[in-house]
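Chemist: A single structure is presented below for examination.
The values are calculated or read from the model by the stated rules, or taken from the named source; none is laboratory data. From a predicted model like this one, the values you see are computed outputs, not experimental measurements. Here the Cβ positions follow ideal geometry from the backbone for every residue, glycine too, while neighbour counts run over all protein chains shown.
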Amino acid sequence: MPFPDAKILDQRDPLAHLRDRFALPDGLIYLDGNSLGALPKSVVERMQTVVGTEWGHDLITSWNKHDWIDLPRRVAAKIAPLIGAEPGSVIVADSTSVNIFKLLAVALAERSERKVILTEQGNFPTDVYVAGGIARLMGRGHEVRLATADALAEATTEEVAVVMLTEVNYRTGARLDMPALTRRAHEAGALIIWDLCHSAGAVPVDLAAAGADFAVGCGYKFLNGGPGAPAFAYVAPQHQGGLRQPLQGWLGHEAPFEFAPDYRPAEGVDALRAGTPPILSMSALDAALDAYDGVDMHAVKAKADALFDLFVREVEAQPPSLEILTPREAERRGSQISLRHPEAYAVMQSLIARGVIGDFRQPDIIRLGLTPLYLRYADVQRAAEILGEVMRSGEWDRADYKRRAKVV
Ligand SMILES: *Cc1c(COP(=O)(O)O)cnc(C)c1O
């Protein structure tokens, strides 16, 4: 059967109406929503209210009047269903890096007789750096151990206190088997922390079903919360009793406005709060999450897979073919496609010059995010055609395309 035309796929797309929830620049094909999600229209409106009315007019009374104080909980309640979290087990606070620190501290304290943090070689650097920092801070000979994806199960020995994994790899888009690796960690007596930065809002995640202990994730990628949006943290119900983390800030106190001399942790995930929440960016994330209203994550994944297949077909139809790094098996990948080329940076710059925005990752990866909420099949097809044109013409081969910017 011939592959349906992109136009027909768009006409039949049950998610097609969602694109209208976003403010997208004309004529641009945005394949970087895995790095910075596009702007939902609801955010523009909300920013006007939160800045103009809540801050500008109601000023400090907004902490009560507009319930700013519980915003971290309300935003968390919108994220919970996207990641299969039990009600009340998610909090929105700080950045992913900081949340990793807090949760590693919690997990290491629960497994104080063990000294190994196991993670994947090739995990996102901040995860590994923070693990290294906490290992040093522990001052008791803790160690960060790296294993390749294939060797993770075997490396999960009884020395391991915490397995810390990112479900979807940021470079390749490969997805780890969360239920199996979680089971393996528990068999070895270890705890597990899942980083969902490239999973939340991209693929169906079921933390509760997998039996995950802890998780973190990012607000500005697939969740579209805006640059530097706050992150989230998940703690499974069995770890919530007596939860304590080292960033004992006043808003993680049981009664912050008692201004008591001694710290008493708030109950449950509220103990993960530290300082004052960034109300502007948290409000943006709150409004952005409405783009997921009524959206079934299985439908999102199905469309991402169809977009992936369409892109692959187009790329493979054009010589010279690029090496596709992302697993072909749908269950083994997230929502991106990574291609390898020795001059990946320059190729990406020439795509951007042609109105196709993706990004480059070291050392030789062209990374293209597939975000089904606002991408049309026609966009993905056109992007693949432009990639083919750029490769055939060699227009990427220019000195100015090879000069690296500060942020790549
Ligand atoms: C994007 C990303 C981060 C980002 O962390 P920040 O603290 O928000 O800068 C962390 N881990 C992974 C796996 C990511 O993909």
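Chemist: Would you call residue 135 at pLDDT 95 or above, under 28 Å from residue 370 (Cβ atoms), over 18 Å from the mean Cα position of the chain (by Cα) and not β-branched (Val, Ile, Thr)?
Modeler: no
Chemist: Continuing with the same structure: Quick one: which helices (runs of 4 or more DSSP H) lie wholly within region 35-145 and hold at least 2 residues that are within 16 Å of the ligand (Cβ to nearest atom)?
Modeler: Filter on region 35-145 gives 71-79, 96-110, 125-138.
Chemist: Any idea which of (1) within 16 Å of the ligand (Cβ to nearest atom); (2) assigned to a helix (DSSP H, G or I); (3) surrounded by fewer than 16 Cβ atoms within 10 Å (Cβ to Cβ) is the one residue 209 doesn't satisfy?
Modeler: Among (1) within 16 Å of the ligand (Cβ to nearest atom); (2) assigned to a helix (DSSP H, G or I); (3) surrounded by fewer than 16 Cβ atoms within 10 Å (Cβ to Cβ), residue 209 violates only (1).
Chemist: Now for a different question. Scanning region 146-167 for residues that are in a loop (DSSP other than H, G, I, E, B) and either more than 20 Å from the chain's Cα centre (by Cα) or more than 16 Å from the ligand (Cβ to nearest atom) (or both), which turns out surrounded by the most Cβ atoms within 10 Å (Cβ to Cβ)? Break it down stepwise before answering.
Modeler: Restricting attention to region 146-167, the residues satisfying the condition of being in a loop (DSSP other than H, G, I, E, B) are 148, 156-159, 167.
Pick out the ones that are also either more than 20 Å from the chain's Cα centre (by Cα) or more than 16 Å from the ligand (Cβ to nearest atom) (or both) and you get 148, 156-159.
Values: 148: 10, 156: 24, 157: 13, 158: 10, 159: 15.
For region 146-167, the residue satisfying everything is 156.
Chemist: Contact list please: Cβ distance under 7 Å, first residue in region 244-268 and of a type in the set (Phe, Trp, Tyr), second residue in a strand (DSSP E or B), pairs at least six apart or on different chains.
Modeler: Filtered contacts from region 244-268: 263/253.
Chemist: Scanning for something among the basic types (Lys, Arg), assigned by TED's automatic domain parsing to the domain that holds residue 384, more than 23 Å from the chain's Cα centre (by Cα) and part of a helix (DSSP H, G or I), does region 282-303 turn up at least one residue? So that I can check it myself, show each step before the final result.
Modeler: In the first step, residues of region 282-303 are kept if they are among the basic types (Lys, Arg); the result is 301, 303.
Still in the running and assigned by TED's automatic domain parsing to the domain that holds residue 384: 301, 303.
Cutting the leftovers down to more than 23 Å from the chain's Cα centre (by Cα) gives us none.
No, there is no match, as no residue in region 282-303 is among the basic types (Lys, Arg), assigned by TED's automatic domain parsing to the domain that holds residue 384, more than 23 Å from the chain's Cα centre (by Cα) and part of a helix (DSSP H, G or I).
Chemist: Next question. Restricting to region 170-188, and then to whatever is touching a residue at least 60 places away in the same chain (Cβ under 8 Å) and in a loop (DSSP other than H, G, I, E, B), can you tell me which residue is nearest to the ligand (Cβ to nearest atom)? It would help to see each step written out before you state the result.
Modeler: Step one: of region 170-188, the residues touching a residue at least 60 places away in the same chain (Cβ under 8 Å) are 170-175.
Of the ones still in play, those that are also in a loop (DSSP other than H, G, I, E, B) are 170-173.
On the way: 170: 4, 171: 10, 172: 12, 173: 11 Å.
Only one residue tops the list, namely 170.
Chemist: Residues 116, 128, 90, 75: which one is closer than 16 Å to residue 245 by Cβ and out of contact with any Pro (no Cβ under 6 Å at 6 or more places or on another chain)?
Modeler: Selected residue: 90, the only one of 116, 128, 90, 75 that is closer than 16 Å to residue 245 by Cβ and out of contact with any Pro (no Cβ under 6 Å at 6 or more places or on another chain).
Chemist: How many residues does region 363-378 hold that are out of contact with any strand residue (DSSP E or B) (no Cβ under 9 Å at 6 or more places or on another chain) and part of a strand (DSSP E or B)?
Modeler: Final tally of qualifying residues: 0.
Chemist: Next question. Can you tell me how many residues within region 215-234 are more than 10 Å from the ligand (Cβ to nearest atom), in contact with a strand residue (DSSP E or B) (Cβ under 6 Å, 6 or more places away or on another chain) and on the phi < 0 side of the Ramachandran plot?
Modeler: Total meeting the criteria: 4.
Chemist: From the list 321, 350, which one is at pLDDT below 95 and under 23 Å from residue 363 (Cβ atoms)?
Modeler: Checking each option against the conditions leaves just 321.
Chemist: Can you name the number of the only condition in (1) within 15 Å of the chain's Cα centre (by Cα); (2) closer than 30 Å to residue 18 by Cβ that residue 193 fails?
Modeler: (2)
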